[in-house]
Amino acid sequence: MSDSIERLFKACQASDGDPALSRTAKLRQEGLPKMAKKVAEEAAEVAIEAVTGAREALILESADLIYNLVVLWSATDVTPQDVFDEMDRRERLYGIAQKLPKNDQSKSAAATKSPTDL
């Protein structure tokens, strides 16, 4: 899956296409607020499909969420590798790639400390 995300990220970065023909180009033209809104909308749709038990719709909406998240990353200088590195860091600290406890939020990926510094 990480290969697919990396390929999508590279395509998003290179998206100079016509906004009338390219969804990615249109999102990039509309700017960060629109990109962030799309991520929030898709996340809500994923949650709804999960609660209703609509497995196929959940898969489709999850793919849409990942697409919109990657578009947002490409516009904000966050690479998939940055996210994968943070997941690896969490796994080293907690034994699994999980959400940080609230009191550990200051030790997120934005921090440049290694796990031994924490």
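Remarks
- Label point at Gln13 placed 7 Å out along Cα→Cβ; residues across region 26-69 whose backbone nitrogen lies under 17 Å: 28, 69
- Cross-link reach list, aspartates and glutamates versus Lys37, counting only Cα pairs under 14 Å and skipping chain neighbours closer than eight places: Glu45, Asp64
- Cα-based convex hull volume of region 2-77 per residue, rounded to whole Å³: 92
- Long pairs among Lys26/Lys102; Lys10/Lys34; Lys34/Lys102, criterion Cα-Cα beyond 26 Å: Lys26/Lys102; Lys34/Lys102
Readers should treat all values here as calculations from the given coordinates under stated rules, not as data from a laboratory. Not measured: the values here are computed from a predicted model. Neighbour counts run over all protein chains shown; Cβ positions are idealised from the backbone, glycine included.
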